[in-house]
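Peer 1: Please find one structure pasted underneath; my questions will follow.
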Amino acid sequence: MIDRSPGAASVKQLAEGAFGYVQPDGSWFINNCGFVAADGHAVLIDTCATERRTRALLSAVGDTVGPVTTLVNTHHHGDHTNGNYLVGGATVVGHRKTREALLADGIQRYEGVFTDSDWGNLELRVPDLVFDDTVTLYAGQTRIDLIHPGHAAHTTNDVLVWLPEQRLLYSGDLVFNGGSPFALMGSVAGWRAALNVIRELDPAVILPGHGPVCGLETVDLVDDYLEFVQRTAETGKAAGRSPLEQAKATDLGRFAELTEQERLAGNLHRAYAELDGEGWGVPLDPVAPLKDMLAWNGGPIRCFS
């Protein structure tokens, strides 16, 4: 049995002064975080979905490098931002649209969609410092570039956290390792384009948003899956099937090894919209896609957060 408890998380040194906080098994709302420290400055990359998970994260960071002075959010989803409020007096940095999305949506618990979530006490905290394209911050002498790909991908507000000297990338959810990518709130085509931004950086090590530490081979797998979604949508549209009908009729092939397979139904809603000419990241009503994911799954989705 997989231990998915907060105590199962591990701190992994990825480069000099740079660490990953990896939470098994990377499924719904169980994300990875990172932190970089030098000369008394500790930069934390993302928080966790629940109170207890974020408290465990901060304890691990404190034991390793000391208190956090700056927090970076890689996008607005709750598994990366719900714990922001627990990071004391740190300055929170994020994309302008991350702040806007959090203010608009608040804390989302998705009642009736996911089971077994132990959210704890959560309070909304949004970025204090925002940017649009790129910005550079430093932990001591360690350079950290924050890069928005320029368009919607996983979401409209993804941020790559890039340490150029170490060739280390904290990718946020632009890279999933072991789980099915989820493009409902972004763009399938835009995500594929964003993966080229990662390829141009040419990282030696990637801490994905979910799953084990990886390299560019996982970027290729994410791209292959997104291409598969596009081809599946084209087939479904040509056959006159709804996204759910097409998801049920689809053989996942080698992608059957990925977890969270119900995401295909949601991804097809986004891919269908793009085939209909909708722009990358144009908001979609989430009700129908979520209902289709529940129907594909046969009921509420198991969540171990």
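Read the figures in this text as sums done on the coordinates, not as results from a lab. Not measured: the values here are computed from a predicted model. Here Cβ is always computed from backbone atoms with ideal geometry, including for glycine, and neighbour counts include all displayed protein chains.
Peer 1: Under 8 Å for C-alpha pairs, at least 6 residues apart: give me the relative contact order for the chain, rounded to a whole percent. Don't skip to the answer; put the middle values down first.
Peer 2: On the way: 672 pairs, mean separation 53.4, N = 305.
Value for the chain: 18 percent.
Peer 1: Identify which of the listed values of Rg and Dmax of the Cα atoms in Å was calculated from the structure shown: [x] 24.4, 86; [y] 22.6, 71; [z] 18.3, 60.
Peer 2: Matching the structure shown: [z].
Peer 1: Next up: Measure nothing fancy, just the Cα-based angle from helix 216-239's long axis to the longest principal axis of the chain, in degrees from 0 to 90, nearest 10.
Peer 2: With rounding to tens, the tilt is 30 degrees.
Peer 1: Oh, and also: Dipole size in debye (nearest 20) for the chain around its Cα centre, Lys and Arg Cβ +1, Asp and Glu Cβ -1?
Peer 2: Roughly 340 debye for the chain.
Peer 1: May I ask you to derive the relative contact order of the range 80-162, considering only C-alpha pairs under 8 Å and at least 6 residues apart, and to give it as an integer percent?
Peer 2: Working: 104 pairs, mean separation 26.5, N = 83.
Here the relative contact order equals 32 percent.
Peer 1: About the Cα centre, and with charges only on the beta carbon of Lys, Arg (+1) and Asp, Glu (-1), how big is the dipole of the range 33-98? Nearest 20 debye, please. Write out the running numbers ahead of the final one.
Peer 2: Working: 5 positive and 5 negative charges, 44 e Å.
For the range 33-98, the charge dipole is close to 220 debye.
Peer 1: If you don't mind, there's one more thing I want to ask. Under a cut-off of 25 Å between alpha-carbon atoms, report the lysines in cross-link reach of Lys248, not counting same-chain residues fewer than 8 places apart.
Peer 2: Within the straight-line cut-off, Lys248 pairs with Lys237, Lys291.
Peer 1: Also, I was wondering about something else. Given only helices, namely DSSP H runs of n ≥ 4 each adding -39500 (n - 2.57), what is the per-residue ellipticity at 222 nm of the chain, to the nearest 500 deg cm²/dmol? Mind showing how you got there, number by number?
Peer 2: Details: 8 runs with 97 residues, N = 305.
The helix contribution divided over the chain gives -10000 deg cm²/dmol.
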